[in-house]
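Q: This is the structure I want to talk about, given as structure tokens.
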Amino acid sequence: MTSLVEYSRQGNLGVIAVDNPPVNALSQGVRQGLVDAMRQGIADADAQALVLLCKGRTFIAGADIKEFGRPIGPPAYLEMLDAIEGSPKPVIAAIHGTALGGGLEVALTCHYRCAVRSAQLGLPEVKLGLLPGAGGTQRLPRLAGVEAAIEMITGGEPIGAETALARGVIDEIVEGDLAAGALAFAGRVVAEKRPLRKVRDLDDKIAEAKAKPGLFEEARKAIARRARGNEAPLRCLAAVEAAATLPFDAGIAREQELSREAFASPQSEALRYVFFAEREVARVPGVTKDTPVRPVRQGAVLGSGTMGAGIAMNFANAGIPVTMIDVKPELVQKGLDTIRRNYASTVSKGRLSQAEMDARLARITGATEFERVGQADLVIEAVFEEMALKKEVFGRLDKDCGPDTVLATNTSTLDVNEIAAATQRPEQVVGMHFFSPANVMRLVEIVRGTKTAPTPLATAMAVARQMGKIGVVVGVCDGFVGNRMLHQYTREAAFLLEEGALPQQVDKVIYDFGLPMGPFAMGDLAGLDVGWRVRKHRREMGTLKGRYPGTIPDRLCEMGRFGQKTSAGYYRYEAGSRTPVPDPEVEALIAQVAQELGVTRRAVSDEEILARCLYAMINEAAKILEEGIALRPSDVDIIWINGYGFPSYRGGPMHYADSIGLKTVHEGLLGFQREHGDVWQPSSLLARLAKEGKRFADL
């Protein structure tokens, strides 16, 4: 045995204990240790059953990520699992923490399973573009039933112990000490002479599936609609179908074939890239594990609108009491009502208990007294996106907050340095740009100003993590990373309308590529009046120069078409519906604007639409990297995946550019530059990488 796995005996029971902190991952040493421990337990004449448990805070939480993409040293997973399942003595898995991926597959090869009530069990491989490749797709349907297995394996979400018990995945919930409970359970297995129940031999739930001939076809259609181009869920379904239609060993062979196919796919490569990129964002120059982080025991949010209410919910969800402040009692009450409705909706969907809703609401207090900010360790401003107003707010915060309070602005575009300059403590000011709806979206752009000190920055990062968000540190510029790229993307979409495309064509191309909606449906959802105000302000300031694609949306707003809120924008909307309906009135307006601008409309191909929308944002991202606004190309990808819905199975815009080749992107940019002018001039960074045959990933 290796030192990662120990064998001992308590009475007539052998105990196999895995000890590979922090998450007992199935490294080569653990696999070998399990095989060796099984041999010792089988050879121990005084052991009548074997209990498999893990030390530390969790059961086996999955594969060892250090082995991703590398040859797997012996023993192979299937060899290890065969050693467990083939034991002539009952093997009982004792589960706490999480049994995920390969960890659950280990448990499924045991003859019985027990777990503490707080345990989570799941097969999340689909989230990496993979499928459970060590028998999970073959054994889980035999225990939980085919339909439950399809849900778990194609969705990748874990289930709790109570659900696992109801579905037959575990045999007993242990109250109190897990080791004692598991040994007691194993003792009953021995005393009652229960049979060696090999999951591979169970067929009653497979028979139930065979009695439903349309089951897999219906599942395939539903998953295809949900996955929208993501191949992994359909591969997972194919593996489960093999469990229901083939003998066990043939099903394992099919699972292995599909697993190899998935691992070699570009989509899995992209998803595995995203997995590591999400962890990389925490590495920020100037912030180390020794950087002090201010404890946030009380939060405050300025503004009770949609964004302010969502941010207040994030505090409450993280267990932090928060005061939501606005200028009028009716505004505060409106915000509190919004929060209550949001929580009630989550409860109605079964994703939150009523008791937890009540606990979270109890952490949120409404107020109109600005001075209440003095009680907070972190204040997040979420007032209107106007510089003069924000500077006034931060001037007051400077007077009313304690010297160590972290002052954060939720601005989406404005200069954080200018906002910070309104205080006598610019080093305490940081941007925390949440994405709407703030209580749902995972991304927070954490904006480091020129004078932001390490502790406020580290505090903002820590609070974002506590809220369950992905915080990505960016620098100061107009729009930061996400919105700056978005401006270029929507610019080209608007020009495409003038040149010959229609909103529904552009939106369909982008939707089919994998984003949740196209730019015009997105504009209608967000409200066209928001951009209209920005453009009017920039015209007044004289900062709108050259050809700017604002004519069509400006005309729509002048017509009172602000999007879904007015039942008309780029599309029209039936009463009570959010479904966009193409509108001949908009098509006529587009043709009229093109004529006024002297643009001859033409047929625009889907390929051109995709290239112009994506290449515009990729080129802007390259400029952002040149300027040091983003730390890494992968940070840009995480921002666009988590803030804008860029399909994760494409890896984000920078990974996508690498996948099609920067030479291809560069040549496309040059072609658009010849046709449409210097707004398309390739960034020097992109041009250099393309010339050298390199990728963004090489930076």
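The values are calculated or read from the model by the stated rules, or taken from the named source; none is laboratory data. No experiment lies behind these values; they were computed from the predicted model shown. Neighbour counts are summed over all protein chains in view; Cβ atoms, including those assigned to glycine, are modelled from backbone coordinates with ideal geometry.
Q: Within region 161-213, considering only helices (runs of 4 or more DSSP H) that don't extend past its boundaries, which have at least 3 residues that are at pLDDT 95 or above, among the hydrophobic types (A, V, I, L, M, F, W, C) and surrounded by 14 or more Cβ atoms within 10 Å (Cβ to Cβ)?
A: Once the helices (runs of 4 or more DSSP H) in region 161-213 are filtered for at least 3 residues that are at pLDDT 95 or above, among the hydrophobic types (A, V, I, L, M, F, W, C) and surrounded by 14 or more Cβ atoms within 10 Å (Cβ to Cβ), what remains is 161-167, 178-191.
Q: Also, quick follow-up: With respect to Gly560, determine if the residue is touching a residue at least 60 places away in the same chain (Cβ under 8 Å), in a loop (DSSP other than H, G, I, E, B) and either more than 17 Å from Gly514 (Cα to Cα) or out of contact with any His (no Cβ under 6 Å at 6 or more places or on another chain) (or both).
A: No.
Q: crowded, with 20+ Cβ neighbours inside 10 Å, modelled with pLDDT of 95 or more and either touching an Asp or Glu at 6+ places or on another chain (Cβ under 9 Å) or not in a helix (DSSP H, G or I) (or both): which single residue out of Ile618, Ile638 fits that description?
A: One residue alone meets the criteria, Ile638.
Q: Shifting gears a bit: Keeping to region 237-263, report how many residues are surrounded by fewer than 17 Cβ atoms within 10 Å (Cβ to Cβ) and either not β-branched (Val, Ile, Thr) or not in a helix (DSSP H, G or I) (or both).
A: Selection size over region 237-263: 9.
Q: Ok, one more. Hey, does region 574-589 have a residue that's among the polar types (S, T, N, Q) and within 26 Å of Pro682 (Cβ to Cβ)?
A: Scanning region 574-589 turns up no residue that is among the polar types (S, T, N, Q) and within 26 Å of Pro682 (Cβ to Cβ).
Q: Residues in region 344-398 that are over 21 Å from Phe315 (Cα atoms) and hydroxyl-bearing (Ser, Thr, Tyr): how many?
A: Total satisfying the criteria: 1.
Q: What are the pairs, 6+ residues apart or on separate chains, where a residue within region 593-605 that is more than 17 Å from Pro553 (Cβ to Cβ) has its Cβ under 7 Å from a residue that is assigned to a loop (DSSP other than H, G, I, E, B) and modelled with pLDDT of 95 or more?
A: Every condition considered, the pairs that remain are Arg601/Gly500; Arg602/Gly500; Ala603/Gly500; Val604/Gly500; Val604/Ala501.
Q: Moving on to the next point. So which of Arg139, Arg188, Arg194 ends up being of a type in the set (Lys, Arg) and either closer than 25 Å to Gly62 by Cα or within 29 Å of the chain's Cα centre (by Cα) (or both)?
A: Matching residue, one of Arg139, Arg188, Arg194: Arg139.
Q: Would you confirm, using the coordinates I've provided, whether Glu692 is in contact with a Leu (Cβ under 6 Å, 6 or more places away or on another chain) and of a type in the set (D, E, K, R)?
A: no
Q: Would you confirm, using the coordinates I've provided, whether Asp404 is farther than 22 Å from Ala309 by Cα and under 29 Å from the mean Cα position of the chain (by Cα)?
A: Taking the combined requirement at face value, the residue does not satisfy it.
Q: Report, ordered by the first and then the second residue, all pairs with beta carbons closer than 8 Å, sequence separation of six or more or different chains, a first member in region 473-487 that is in contact (Cβ under 8 Å) with a residue 40 or more places away in the chain and under 15 Å from Tyr615 (Cα atoms), and a second member that is hydroxyl-bearing (Ser, Thr, Tyr) and crowded, with 19+ Cβ neighbours inside 10 Å.
A: Pairs found: Gly482/Tyr644; Leu486/Tyr644.
Q: Here is a follow-up. Residue under question is Gly229, and the condition is that it be over 20 Å from Val447 (Cβ atoms), in a loop (DSSP other than H, G, I, E, B), at pLDDT 95 or above and under 25 Å from the mean Cα position of the chain (by Cα); does it hold?
A: Judged against the criteria, Gly229 is not a match.
Every residue, every condition in (1) farther than 23 Å from Gly475 by Cα; (2) under 29 Å from the mean Cα position of the chain (by Cα); (3) not aromatic (Phe, Trp, Tyr), yes or no:
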{"residue": "Ile639", "(1), (2), (3)": "no, yes, yes"}
{"residue": "Arg650", "(1), (2), (3)": "yes, yes, yes"}
{"residue": "Leu662", "(1), (2), (3)": "yes, yes, yes"}
{"residue": "Glu667", "(1), (2), (3)": "yes, no, yes"}
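Q: Another one. Take the residues in region 264-319 that are of a type in the set (Val, Ile, Thr) and over 22 Å from Leu361 (Cα atoms); name whichever of them is surrounded by the most Cβ atoms within 10 Å (Cβ to Cβ).
A: Across region 264-319, the extreme among qualifying residues is Val274.
Q: In region 24-34, what residues are surrounded by fewer than 20 Cβ atoms within 10 Å (Cβ to Cβ) and not hydroxyl-bearing (Ser, Thr, Tyr)?
A: If the condition is that a residue be surrounded by fewer than 20 Cβ atoms within 10 Å (Cβ to Cβ) and not hydroxyl-bearing (Ser, Thr, Tyr), then Gln28, Gly29, Gln32 are the ones that fit.
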